[in-house]
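The values are calculated or read from the model by the stated rules, or taken from the named source; none is laboratory data. Just so we're clear, the structure is a prediction, and the values are computed from it rather than from any experiment. Here the Cβ positions follow ideal geometry from the backbone for every residue, glycine too, while neighbour counts run over all protein chains shown. Just the protein is used for accessible areas: all its heavy atoms, side chains included, with ligands, DNA and RNA removed. Shrake-Rupley method; radii C 1.70, N 1.55, O 1.52, S 1.80 Å.
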Amino acid sequence: MSSTKKATSALISVFHKDGLEPIVKKFAELGITIYSTGGTETFIKNLGINVIPVEEVTSYPSILGGRVKTLHPKVFGGILNRQDNESDVAQLEEFQIPQLDIVIVDLYPFEKTVASGASEQDIIEKIDIGGISLIRAAAKNFKDVLCVSSMEDYGDFLNVISSDGGNTTLEDRKRFAAKAFNVSSHYDTAIFNYFNKDNQETVLKISETTGQVLRYGENPHQKGFFFGDFDAIFTKLHGKELSYNNLLDVDAAVNLINEFKNDDPTFAILKHNNACGLATRDTIHSAYVDALAGDPVSAFGGILISNVEIDKATADEIHNLFCEVVIAPSYSEEALQVLKGKKNRIILILNEIELPDTIVRSCLNGVLVQEKDSKTDALADLQYVTNKQPSKSEIEDLIFASKLCKHTKSNTIVLAKNKQLCASGTGQTSRVDALNQAIHKAASFKFDLNGAVMASDAFFPFPDCVEIANKSGITSVIQPGGSIKDQLSVDYCNENDVAMVMTGTRHFKH
């Protein structure tokens, strides 16, 4: 059997007709017989091109409101027959089954229908049966059939069919088969995940059909890839390609700034997934200046993110800093002109989009999956456990610090004052070490901790942290509580006029 085949017939049954016209016209030019169904058949007829209805082949009408059109032995026999098998070829002749060399299918838009918030009945009707069966059959028999499984491949296919007068190579047919099985497996995964949205089955199915090769992974000797729809989340305006480490930092930045989405102008600076600067102010310019003051050393080469539009005054300040990425919901024209002054600086617009509510990471020879920590500590969550209660401004600082603490690597302590990050201790094996690190860092950048607040991602097993904090000027503390020795910390605070609130929610981040 020759690896190159002359296509003489094609079955077309698609949902989207966009981009189909040039293919149909090319088929007519090459003398390829076209079989089709329903709306696709009408579309082809309206182009003035001959088309044979599938019903003429099967001698059976479309039934059940269109649910059954192509599910027939004469259709699948035409696709699945082996041209180098004498018995198969004889049966085609015996049962008057036409050989089908090309199958073009574009499936019902199941995922888009789910995303639109449609009713369950509408969603169920968008589960393609005939189309998915045609794809699997044609891809299985790639030795004889070329399968086009998505409108995204119409252009590629048109180039193939035009390049050699309707001939297709085995290499091309196998390449399109791989595309087809990618489409079918992704489609089935989406359907399963819809039915399993309440996790009745403890099964993990992930399918990402868009991906890119990164320059490298965390280090130059490691390969790196990103699978996901980056363009759905961001509009990239300027700069070089994002690296593996950039993407991790950008992810951390977006999740952090979402905590302040509806707050006054807030600016955050992140390095290695942790905020090294954060401030909320009346203007975004002031927020940036005070965020940078939190740690101007670590800010070098960092990721910058704002919850409001960046103006020229802020851009002028940013331009003085070497930074990898700047993210905001929008920019003034003047700000963009300034920020684009560094050719490699990556400038992103953060679009309105729902982020995934699950977290997946590799572990041992499998993966760990958990719900995202969607709990944000708020005023209603505060349990006032000490004799002294925090003032209104201290409560605002406590909630500010708690939001930040939630997005900082454990063990962590966050020190804040006047809605500004003074310092944090991150990723320490001891909570006392985290606190001491934060105090030392605050002092190195000349922060006055008198009247500042402290947030902890987990409870204090002993009163040592509140004692150290108190002696450094901290006047109010927020922590989840839950230790069998909580009362020791409460007693210390009562004896030393420190206010402490508990939230009942731990925010570990490993």
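Structural remarks
- Cα-based reach from residue 26 at 18 Å (exclusive), listing lysines while leaving out same-chain residues under 8 positions away: 5, 6, 17, 45
- Computed log10 I(q)/I(0) for region 333-398 at 0.22, 0.26, 0.29 Å⁻¹: -0.94, -1.14, -1.27, from the Debye equation with unit scatterers placed on every C-alpha and solvent omitted.
- Packing-based order for 186-194, 276-284, using average beta carbon neighbours within 10 Å, highest first: 276-284, 186-194
- Within straight-line cross-link reach of residue 372, lysines at Cα separation under 23 Å, skipping those fewer than 8 residues along the same chain: 197, 205, 261, 271, 403, 406, 409, 509
- Estimated D of region 286-427 in µm² per second, where Rh is the Kirkwood radius over Cα pairs and Stokes-Einstein applies at 20 °C, 1.002 mPa s: 120
- Taking only Cα atoms of region 168-309, radius of gyration then Dmax in Å: 20.5, 65
- Computed over the chain, relative contact order equals 9 percent, with contacts defined as Cα pairs under 8 Å that lie 6+ residues apart.
- Sequence-distant residues sharing a close amide H with residue 104 (under 5 Å, placed H): 11, 12, 13, 148
- Taking the protein heavy atoms of region 73-114 in the context of the full set of protein chains, the accessible area attributed to carbon and sulfur is 51 percent at 1.4 Å.
- Alpha-carbon gyration tensor eigenvalues x 5, square-rooted, for the chain, Å: 61, 25, 19
- Qualifying trypsin sites (Lys or Arg not before Pro) in region 150-220, DSSP loop, other Cβ atoms within 10 Å at most 15: 197, 205, 215
- Region 349-437 - percent of accessible surface contributed by carbon and sulfur, probe 1.4 Å: 48
- Percent of Cα pairs exceeding the 12 Å cut-off, where the set is region 438-497: 65
- Cα point-scatterer Debye curve for region 246-342, base-10 log of I(q)/I(0) at q = 0.23 Å⁻¹: -1.21
- The slack between residue 202 and residue 222, meaning 0.36 nm per residue of separation minus the straight C-alpha distance, is 4.0 nm.
- Of the three principal axes defined by the Cα atoms of region 1-148, the extents in descending order read 50, 31, 30 Å.
- Of the peptides 117-123, 331-337, 401-407, 77-83, the ranking by mean beta-carbon count within 10 Å, highest at the top, reads 401-407, 77-83, 331-337, 117-123.
- Loop-located chymotrypsin sites (Phe, Trp or Tyr not before Pro) in region 214-258 (DSSP state not H, G, I, E or B) with no more than 15 neighbouring Cβ atoms inside 10 Å: 216.
- Binned Cα-Cα distance frequencies in region 388-510 - 5 Å width, integer %: 2, 14, 26, 28, 22, 8, 1, 0
- Inter-centroid distance (Cα atoms) of region 271-329 relative to region 126-175, Å: 50
- For region 348-496, the solvent-accessible area with a 1.4 angstrom probe is 49 square angstrom per residue.
- Of all DSSP bridge pairs formed entirely within region 395-510, close to 55 percent run antiparallel.
- Distance from region 434-510 to region 187-204 (C-alpha centre basis), Å: 43
- Aspartates and glutamates with Cα under 15 Å of residue 340, excluding same-chain neighbours fewer than 8 positions away: 241, 311, 316, 317, 324
- Zero-based 5 Å bins, Cα pair distances in region 214-292, whole percents: 3, 14, 19, 21, 19, 13, 7, 3, 1, 0
- Charge dipole of region 139-219 about the Cα centre (unit charges at C-beta), most positive-ward option of 170, 217, 150: 170
- Of the peptides 288-297, 385-394, the order by per-residue mean of other Cβ atoms within 10 Å, starting with the highest, comes out as 288-297, 385-394.
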